[in-house]
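Read through the structure below, which is laid out as structure tokens, and then see the notes.
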Amino acid sequence: MVLAQIWSVLGLLTVLQNVLPSRLLRLLHGWWEGLKDFYSPNSYVEIPEFNGYCGVDMNELYRSVQLYLNSLHAAVHSRRVSVSRAKNSSHLSYTLAPDQTMEDTFVGARLWWTHNVDSVPDSLEEKRSFTLKMKKPDRTRILSDYLDHVAHCAEEYDSRSRDRKLYTNNGHGSHDCGWTAVPFRHPATFSTLALDPELMDAIKADLESFGQGKEFYHRVGRAWKRGYLLHGPPGTGKSSLIAAMANYLHYDVYDMELTKVTDNSELRALLIQTTNKSIIVIEDIDCSLDLTNRLSKPPAAPPRRLESRRSVESLMEADDSRVTLSGLLNFTDGLWSCCGEERIIVFTTNHKDNVDPALIRSGRMDMHILLSTCGFPAFKCLAFNYLGIEEHDLFSIIEQSIQAGGALTPAEISEILIKHKHQDHYLALKAVVSALHLSIVTTFAQSDEPFEEEEEEVAASNKGEEQNAVVDNGEVVDVFVNNPPVNDSCVTKNSRSLTWQRRVRYLIKTKRLCEQRRLNHLL
């Protein structure tokens, strides 16, 4: 009986749908939906994939919701999810499957997200949208703040999870594709850098302050950018520091080769093509172009007399077809530097004095970072990274050698540790001590410091050579290296009273005697 009545009602609705005008049907459908919304305790917000009726412009809020739901751990544990991965990407993306719902909470309110996918009639396309359900009192209370929260979390998640790129200019900066990109997978981090701890903490604090300073830069009327000048000898870790900064901030890296840039216009075009959240790097700024210190240059020769109009035109064309210091200054701190936000510009050089002061002043290069030879804290970081040790009996000898003037770059120490990575830790550290002592010997030998000791004293000092020092392939190895003390109590009183200056003098004398013996043997 009941089934018969239901079938009768459905038949009546079918007849009415075919008989009544479509406008009246839409009116009745809207009236019915409004009636349901009036008695329903929930409120609904729909976020379509595209803006407008034609569906041409992508709705950024839809993408933000997609990233936000992906950032929630509950998305992985939902009953049904869609998993995807972009080409040449190591990141998996999880999204809600069609018609699936996931719950969320915000300031004590419960919310539900539903992913809607509907087929378009007479087409292979699909209409996608997200529906947000919440209690009616919560709509006016939290909706605006909640959507801002979704957008902020989505931006952070996108910055952390996306695959970073390493760009280089390809010589076509005047076109829309002036950069060529490859995946950026440099493993350098601040935990693996051989840096002084205080300097490392200062750099990290400055980067964090910059990344969170959007409101500050807008309030004071400055472009949201930061400049770093990395200077120091080769092998001190300038490129590794740039990679660590990019990994720390999750930024892309644009490695600009100035010799491929034809003129200032192309330089500006390349700047416009860079994205936000990026690091623009110009390495060896003093060697790329003629951008050296103008104050250290000799006065320019008087211009030659031009013989024809063609000479004038050729000279003007030559001046306009290259990157000038003025163009680079505008690139770093001019009006064109404000075409994007959250950018870091890094210059590197081995000789800071050769760079023009206008290029590295405050406002262009805000932080000057000197990367010098390896100190003892930096060495301990290298020893832990390459050998996996935090303490050793030879550490005290290495620390004293560095304090006595032993100067090796992190690259030199890393190379020594790599060569001995499959050997005993003692042999690897002994090789480091030998290299430090050799650098001390070289430094003092080049200083031409006079010695007051007589040749008899030299011979007497060399008399106990086999007990006090060993010469191995021209490298002077201290007695403490070949016979390392187990602890401080094993060091004799005489060895403690021996100053490092006298030991260095002794090492120099020993090396000279060894060279003299080899020469006598050849004769």
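The C-beta contact set for the range 410-421 (first residue under 13 Å from ALA378 (Cβ atoms), second residue loosely packed, with under 15 Cβ neighbours inside 10 Å, distance under 7 angstrom, 6+ apart or interchain) is empty.
One line per residue, one yes/no per condition, for (1) touching a Pro at 6+ places or on another chain (Cβ under 6 Å); (2) open to solvent by less than 10 Å² (accessible area, probe 1.4 Å); (3) part of a helix (DSSP H, G or I):
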{"site": "ILE344", "(1), (2), (3)": "no, yes, no"}
{"site": "THR348", "(1), (2), (3)": "no, yes, no"}
{"site": "MET365", "(1), (2), (3)": "no, yes, no"}
{"site": "ASN385", "(1), (2), (3)": "no, no, yes"}
{"site": "GLU391", "(1), (2), (3)": "no, no, no"}
{"site": "ILE398", "(1), (2), (3)": "no, yes, yes"}
{"site": "SER401", "(1), (2), (3)": "no, yes, yes"}
{"site": "ALA407", "(1), (2), (3)": "no, no, no"}
{"site": "ILE413", "(1), (2), (3)": "no, yes, yes"}
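When the criteria are applied in full, VAL441 fails the requirement of being part of a helix (DSSP H, G or I), modelled with pLDDT of 50 or more, surrounded by 14 or more Cβ atoms within 10 Å (Cβ to Cβ) and out of contact with any strand residue (DSSP E or B) (no Cβ under 7 Å at 6 or more places or on another chain). Is it true that MET102 is modelled with pLDDT of 80 or more and open to solvent by 60 Å² or more (accessible area, probe 1.4 Å)? Here the answer is no, as MET102 does not meet what is asked.
Hey, can you tell me all the residues within the range 393-418 that are within 27 Å of the chain's Cα centre (by Cα) and within 16 Å of VAL441 (Cβ to Cβ)?
The first filter runs over the range 393-418 and keeps only residues within 27 Å of the chain's Cα centre (by Cα), leaving 408-418.
LEU408, GLU412, listed by residue number.
Regarding LEU258, is this residue at pLDDT below 90, open to solvent by less than 10 Å² (accessible area, probe 1.4 Å) and closer than 29 Å to HIS351 by Cβ? It is true that LEU258 is at pLDDT below 90, open to solvent by less than 10 Å² (accessible area, probe 1.4 Å) and closer than 29 Å to HIS351 by Cβ.
When LEU111, LEU96 are checked against the criterion of being without any contact (Cβ under 8 Å) to a residue 60 or more places away in the chain, under 14 Å from SER43 (Cβ atoms) and crowded, with 17+ Cβ neighbours inside 10 Å, a single residue qualifies: LEU111.
Identify, please: which residue in the range 350-363 is open to solvent by 10 Å² or more (accessible area, probe 1.4 Å) and of a type outside the set (S, T, N, Q) and is, among those, nearest to ASP206 (Cα to Cα)? Steps first, please.
First, the residues of the range 350-363 that are open to solvent by 10 Å² or more (accessible area, probe 1.4 Å): 350-354, 357-358, 360-363.
This time we only want the ones that are of a type outside the set (S, T, N, Q), so: 351-353, 357-358, 360-361, 363.
Values: HIS351: 24, LYS352: 21, ASP353: 24, PRO357: 23, ALA358: 23, ILE360: 18, ARG361: 18, GLY363: 15 Å.
Taking the candidates together, the pick is GLY363.
The one condition from (1) open to solvent by 70 Å² or more (accessible area, probe 1.4 Å); (2) at pLDDT below 70; (3) more than 30 Å from LYS136 (Cα to Cα) that TYR53 does not meet is (3). The conditions of being surrounded by 21 or more Cβ atoms within 10 Å (Cβ to Cβ) and within 13 Å of the chain's Cα centre (by Cα) are not met by ALA194. When the range 133-144 is filtered for residues that are under 41 Å from the mean Cα position of the chain (by Cα) and open to solvent by 90 Å² or more (accessible area, probe 1.4 Å), the ones remaining, listed by number, are ARG139, ARG141. Tell me whether the range 230-248 contains one or more residues that are part of a strand (DSSP E or B) and out of contact with any Pro (no Cβ under 8 Å at 6 or more places or on another chain). Within the range 230-248, one or more residues are part of a strand (DSSP E or B) and out of contact with any Pro (no Cβ under 8 Å at 6 or more places or on another chain).
Across the range 56-80, the number of residues qualifying as at pLDDT below 80 and open to solvent by less than 60 Å² (accessible area, probe 1.4 Å) comes to 3.
Filter the range 197-216 for residues that are among the aliphatic types (A, V, I, L, M) and either over 28 Å from GLU412 (Cβ atoms) or open to solvent by 80 Å² or more (accessible area, probe 1.4 Å) (or both) and give the result. Let's see the steps before the verdict.
If we filter the range 197-216 for residues that are among the aliphatic types (A, V, I, L, M), which is where we start, we get 199-200, 202-203, 205, 207.
If the condition is that a residue be among the aliphatic types (A, V, I, L, M) and either over 28 Å from GLU412 (Cβ atoms) or open to solvent by 80 Å² or more (accessible area, probe 1.4 Å) (or both), then ALA205 is the only one that fits.
Checking the conditions here, which among ARG226, ARG219, ARG185 is under 17 Å from ARG364 (Cα atoms) and either assigned to a strand (DSSP E or B) or open to solvent by 20 Å² or more (accessible area, probe 1.4 Å) (or both)?
Details: ARG219 fails: under 17 Å from ARG364 (Cα atoms); ARG185 fails: under 17 Å from ARG364 (Cα atoms).
Of ARG226, ARG219, ARG185, the one residue that is under 17 Å from ARG364 (Cα atoms) and either assigned to a strand (DSSP E or B) or open to solvent by 20 Å² or more (accessible area, probe 1.4 Å) (or both) is ARG226.
Residues checked against (1) out of contact with any Phe, Trp or Tyr (no Cβ under 6 Å at 6 or more places or on another chain); (2) touching a residue at least 12 places away in the same chain (Cβ under 8 Å); (3) basic (Lys, Arg):
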position	(1), (2), (3)
ALA181	no, yes, no
ASP206	yes, yes, no
GLY221	yes, no, no
ARG226	no, yes, yes
LEU230	yes, yes, no
GLY235	yes, yes, no
LYS238	yes, yes, yes
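Of the residues making up the range 375-392, those that are more than 22 Å from the chain's Cα centre (by Cα), in contact (Cβ under 8 Å) with a residue 40 or more places away in the chain and more than 14 Å from HIS425 (Cβ to Cβ) are GLY375, PRO377.
With the requirement that a residue be open to solvent by less than 40 Å² (accessible area, probe 1.4 Å) and assigned to a helix (DSSP H, G or I), what does the range 332-342 give you? Talk me through it step by step, then tell me what you get.
Just the residues of the range 332-342 that are open to solvent by less than 40 Å² (accessible area, probe 1.4 Å), to begin with: 332, 334, 337, 340, 342.
Result: THR332, SER337.
The values are calculated or read from the model by the stated rules, or taken from the named source; none is laboratory data. What you are looking at is a predicted structure, and each value in this text was computed from that prediction instead of being measured. So basically every Cβ, Gly included, is an ideal-geometry build from the backbone, and we count neighbours across all protein chains shown. Please note that ligands, DNA and RNA were not included when accessible areas were found on the heavy atoms of the full protein model with its side chains. Shrake-Rupley method; radii C 1.70, N 1.55, O 1.52, S 1.80 Å.
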